[in-house]
Amino acid sequence: MRVKSSVTKRKRHKEIHKLTKGYWGARSKWYKLAREAAVRAGCYAYTHRRLKKRDFRRLWIIRINAGLRLYDLSYSRFINMLSKKNIGLNRKMLADMVVNDPEGFKMLVERIK
């Protein structure tokens, strides 16, 4: 007696079509193309979740450096002085200070100098 796979197959197809909902043309309609599109999208998503961390770190460094140039200080010197004074502020917090609390950042820079 053979086993019919229609229920399992339909479930598998539904899962892929749910992932590719909103894709253009046959990439959302045809199972084979939809599966290829979903796999490729998953690869890009995985890669870019990791790249996002690099991108944000670069952004924070650029913001901190721009804020420090107002006080004639370079980013590398500032980070070196921070570590020597044992001030444990991360780059995300420092960049946020530059944008949202310039007075506090100015006090921090003067304290470091």
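Rule-based calculations on the coordinates, nothing more; no lab input. From a predicted model like this one, the values you see are computed outputs, not experimental measurements. As a convention, Cβ positions derive from the backbone with ideal geometry for all residues, glycine included, and neighbour counts pool all protein chains shown.
Please determine, by comparing only the residues of region 68-113 that are part of a helix (DSSP H, G or I) and touching a residue at least 40 places away in the same chain (Cβ under 8 Å), which one is nearest to the chain's Cα centre (by Cα).
Among those residues, the one meeting the criterion is L68.
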- prompt: Are there any pairs, at least 6 apart or on different chains, whose C-beta atoms fall under 7 Å, with the first in region 4-17 and touching a residue at least 24 places away in the same chain (Cβ under 8 Å) and on the phi > 0 side of the Ramachandran plot and the second in a helix (DSSP H, G or I) and surrounded by 10 or more Cβ atoms within 10 Å (Cβ to Cβ), and if so, which?
  reply: none
Subset tally (residues that are under 30 Å from R91 (Cβ atoms) and hydrophobic (A, V, I, L, M, F, W, C)) for region 1-55: 3
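Condition test on T8, is it more than 30 Å from the chain's Cα centre (by Cα) and either in a loop (DSSP other than H, G, I, E, B) or loosely packed, with under 11 Cβ neighbours inside 10 Å (or both)? Can you show your working first?
Values: more than 30 Å from the chain's Cα centre (by Cα): yes; either in a loop (DSSP other than H, G, I, E, B) or loosely packed, with under 11 Cβ neighbours inside 10 Å (or both): yes.
In short, yes.
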